Amino acid sequence: MGLPGYNLAVDTSHELLIDTKELTALRAIVEGTAGTAGEAFFQTLVRHLADAVGTKYAFIAEFLGSTQPSKEGENKSKQAGRARTIAFWFKDAIVDNVEWDLHGTPCEDVVAGSECHHPSGVSQKFPGDEPLVQMGVESYLGVPLRDVDGRTLGHMAVFDDRPMPAEPRKLYIFKIFAARAAAELMRLKSEQQLRESEARFRDLFDEAPIAYVNEGLDSRFISANHAAMKILGITPDQVAGTVGMSFIPDTPEAQRRVKEAFESINRGTNTSGVVLELRRRDNGKPIWIQWWSKPDPGGQYTRTMFVDITERVLLEQEQARLRAQNIYLQEEIKSVHNFDEIVGRSAALNSVLEHVRRVAPTDSTVLITGETGTGKELIARAIHSASGRRDKPLIKVNCAALPTGLVESELFGHEKGAFSGAIAKRIGRFELANGGTIFLDEIGEVPPDVQVKLLRVLQEREFERVGGNAPIQTDVRVIAATNRDLLAVSKDGKFRADLYYRLNVFPVHLPPLRERADDIPLLVQFLLRKFTARIGKRIERVSDETMRRFVAYPWPGNIRELENIVERAVILANSDVLDIAPSTLTTSATFSSPTSTHAPPMSLETVEREHIVAALRNSNWVIDGPSGAAKTLNIHPNTLRSRLKKLGINRPAHDGS
């Protein structure tokens with residue numbers, strides 16, 4: 001038997017007419033539920049239903065479980081499911097809703113999809129339904145509530161402690177009530193599904209890792225998710241009304257970019273991957289985002305998505321800065337150490353420069369010799385700058401400054417675990433210099449065991465890391481320098497003769513400054529310009545007497561000593577004429593003039609010893625630090641310690657200064 005809906009036509013098969021009382025009941029349903037919805041609607045409905053049908057009890061319930069046919073051995077109560085009342089009329093009042101198992105109750109067949117009418121004997125038929133038995137229920141009438149697809153949503157039922165004979169007209173009314181209940185139940189279900197769907201999408205929107213913002217066409221925020229608020233530095237209460245343009249810094253480039261982006265939106269076109277610079281609201285720090293925006297189809301707002309690319313932009317900026325710095329440093333090195341800017345015009349220096357011009361374009365090994373402070377590193381840089389390897393690195397190694405046990409590791413690298421403390425693989429200087437030039441200063445200080453490996457590199461162009469067994473090929477030009485007579489040292493067995501001859505392919509000897517007297521005035525003027533610019537003093541010239549002293553002084557420390565004395569004089573100068581006292585060149589009396597005939601010239605070792613001792617006394621025998629002897633002599637503290645050990649210099653016990 002089908003539901004007639006709201007059609008109150010006569011049932012011609014039974015020729016029954018709805019009487020006045022029933023019409024009144026129907027009118028009461030319509031009027032009583034017209035302005036209500038949800039819980040109030042159902043409560044009004046069950047109250048009028050009980051009155052129209054003439055029963056003490058009426059309820060509308062929603063179904064909470066499945067009504068699939070039970071399988072063999074399956075628990076029938078679980079299979080039948082449960083139901084819960086939405087509205088329950090109990091005698092003369094609405095009571096609290098209840099929930100129950102359907103199995104073993106008259107409601108079980110109704111929820112399964114059947115109309116169910118028990119005129120009498122309900123308590124006897126369903127003895128397991130304790131509440132009905134206790135209430136003494138005699139009769140029951142129930143119909144299922146279905147959606148438009150025929151799925152059972154719940155059921156509506158009335159019951160009483162009196163018999164309820166079959167009355168077709170009451171059944172019609174009952175079904176009309178059921179149709180109204182089913183319609184409202186479907187509406188509530190749809191609203192619930194819509195709310196759940198909105199909640200799911202809201203959760204996806206709010207918790208998405210990508211920032212989402214809905215903006216009006218005037219760039220005012222309508223909504224923003226958590227990622228957007230975190231990136232922009234705003235709180236939830238600041239979202240509504242926030243103007244997106246307020247995040248744009250007042251710089252020409254940032255304003256131009258955002259102007260172009262919004263013009264694109266106003267034309268109705270998408271913006272894809274535009275990079276914008278913004279300022280956070282909370283702390284004003286700059287951020288960069290990649291921005292996508294699309295107008296809403298209705299044209300009332302835009303849907304914007306963006307990702308934070310600040311780390312990427314800052315990394316790119318840092319890389320650009322380092323590239324620029326690298327270019328600057330390379331240019332600085334070229335300007336400071338340029339081969340063409342070596343100061344001097346003496347015949348001795350010109351001879352050296354001619355040798356540099358000839359050997360630089362080749363890949364030949366060069367051995368630069370000369371006293372301490374004569375500029376051996378400058379000549380090495382000049383050779384590298386004029387060679388075909390000028391665009392590759394020049395790696396400098398001060399062999400005297402390296403701890404004895406680590407010389408081999410520094411030069412050739414080591415494998416992880418090669419020795420105690422080798423917690424990671426290390427790339428050595430030869431490997432770093434591949435394709436370029438390596439400058440081995442103080443080559444005479446290399447330990448004998450390392451000399452063997454150096455010889456192998458020069459002969460076979462390969463080496464092995466400490467702790468490794470795989471040969472590593474290398475393409476390196478070697479320039480070595482020393483202030484020692486390696487040939488004499490090799491005869492004493494302290495330096496390998498075969499290594500000496502491998503290094504001495506093209507010797508370049510730098511004359512001491514005392515043999516370049518003609519270059520001293522030029523060097524003084526060069527150094528004067530250098531230090532006055534650095535210190536910020538204005539000195540026009542050097543006094544004639546001071547220049548004569550400079551030329552006459554033997555300069556045991558060579559150009560390095562001259563540089564130190566000029567710098568000191570500039571610091572102490574109090575006029576625009578550089579003038580030094582005779583006492584400034586404290587060791588001048590110790591040395592013989594190149595033209596002196598009063599005493600035989602001292603040996604180079606003696607000159608070096610006395611010069612070092614004088615520097616140590618001036619520093620109270622302090623080696624390190626800004627006032628130490630190493631700073632005065634312009635050499636590394638470890639190099640000075642090595643020279644002290646070699647020359648046998650010890651602090652006298654009576655020297656308490």
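The values are calculated or read from the model by the stated rules, or taken from the named source; none is laboratory data. Please read these numbers as outputs of a predicted model, since none were measured by experiment. Don't worry about glycine lacking a Cβ; one is built from the backbone with ideal geometry, like all the others, and counts go over all protein chains shown. Side chains included, ligands, DNA and RNA excluded: accessible areas come from the protein's heavy atoms. Shrake-Rupley method; radii C 1.70, N 1.55, O 1.52, S 1.80 Å.
The rows are residues; the columns are (1) within 19 Å of ILE395 (Cβ to Cβ); (2) touching a residue at least 12 places away in the same chain (Cβ under 8 Å); (3) open to solvent by less than 40 Å² (accessible area, probe 1.4 Å).
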site	(1), (2), (3)
VAL466	yes, yes, yes
ASP475	yes, yes, no
LEU486	no, yes, yes
GLY493	no, no, no
PRO512	no, yes, yes
message: So LEU217 passes all but one of these: (1) in contact (Cβ under 8 Å) with a residue 40 or more places away in the chain; (2) over 30 Å from LEU132 (Cα atoms); (3) open to solvent by less than 50 Å² (accessible area, probe 1.4 Å). Which condition number does it fail?
response: (3)
- prompt: Among the residues of segment 551-565, is there at least one that is among the aromatic types (Phe, Trp, Tyr) and part of a helix (DSSP H, G or I)?
  reply: no
Pick from segment 363-408, criterion in contact (Cβ under 8 Å) with a residue 60 or more places away in the chain and among the hydroxyl-bearing types (Ser, Thr, Tyr), ranking: nearest to GLU608 (Cα to Cα): THR372
query: In segment 405-426, which residue that is open to solvent by 60 Å² or more (accessible area, probe 1.4 Å) and not in a loop (DSSP other than H, G, I, E, B) is farthest from ALA480 (Cα to Cα)?
result: ARG426
field: Output for segment 620-637, where each listed residue is surrounded by fewer than 18 Cβ atoms within 10 Å (Cβ to Cβ) and not hydrophobic (A, V, I, L, M, F, W, C)
entry: ASN620, ASP624, GLY625, PRO626, SER627, ASN634, HIS636, PRO637
query: Among (1) aliphatic (A, V, I, L, M); (2) part of a helix (DSSP H, G or I); (3) under 26 Å from VAL366 (Cα atoms), which single condition is LEU522 missing?
result: (3)
- prompt: Which one of these is over 13 Å from ARG303 (Cα atoms) and at pLDDT 85 or above: ILE231, ILE222?
  reply: ILE231
- request: Taking the residues in segment 256-299 that are under 27 Å from the mean Cα position of the chain (by Cα), open to solvent by 40 Å² or more (accessible area, probe 1.4 Å) and among the polar types (S, T, N, Q) as candidates, determine which candidate is modelled with the lowest pLDDT.
  value: SER272
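Condition test on ALA615, is it modelled with pLDDT of 80 or more, surrounded by 15 or more Cβ atoms within 10 Å (Cβ to Cβ) and not β-branched (Val, Ile, Thr)?
Yes; evaluated as a whole, the condition is true for this residue.
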task: Read through the list (1) in a loop (DSSP other than H, G, I, E, B); (2) within 21 Å of GLU62 (Cβ to Cβ); (3) open to solvent by 40 Å² or more (accessible area, probe 1.4 Å), then give the number of the only condition that PRO163 fails.
output: (2)
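This table checks each residue for (1) in a helix (DSSP H, G or I); (2) open to solvent by less than 10 Å² (accessible area, probe 1.4 Å); (3) in contact with a His (Cβ under 7 Å, 6 or more places away or on another chain).
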| site | (1), (2), (3) |
| --- | --- |
| GLY128 | no, no, no |
| VAL133 | yes, no, no |
| LEU141 | no, no, yes |
| GLY154 | no, yes, no |
| ALA178 | yes, yes, no |
| MET186 | yes, no, no |
- prompt: Within segment 376-404, can you find the residues that are open to solvent by 40 Å² or more (accessible area, probe 1.4 Å) and assigned to a helix (DSSP H, G or I)?
  reply: GLU377, LEU378, ARG381, SER385, THR404
message: When you check LEU499 against the structure, is it among the aliphatic types (A, V, I, L, M) and open to solvent by 10 Å² or more (accessible area, probe 1.4 Å), yes or no?
response: no
message: Please go through (1) farther than 16 Å from ALA61 by Cα; (2) at pLDDT 85 or above for ARG169 and return the number of the only condition it doesn't satisfy.
response: (2)
task: Starting from segment 101-130, keep only residues that are of a type in the set (Phe, Trp, Tyr), then list their pairs with residues that are part of a loop (DSSP other than H, G, I, E, B) whose Cβ atoms are within a distance under 9 Å, requiring at least 6 positions of separation or different chains.
output: PHE126/GLY104; PHE126/THR105; PHE126/PRO106; PHE126/VAL137
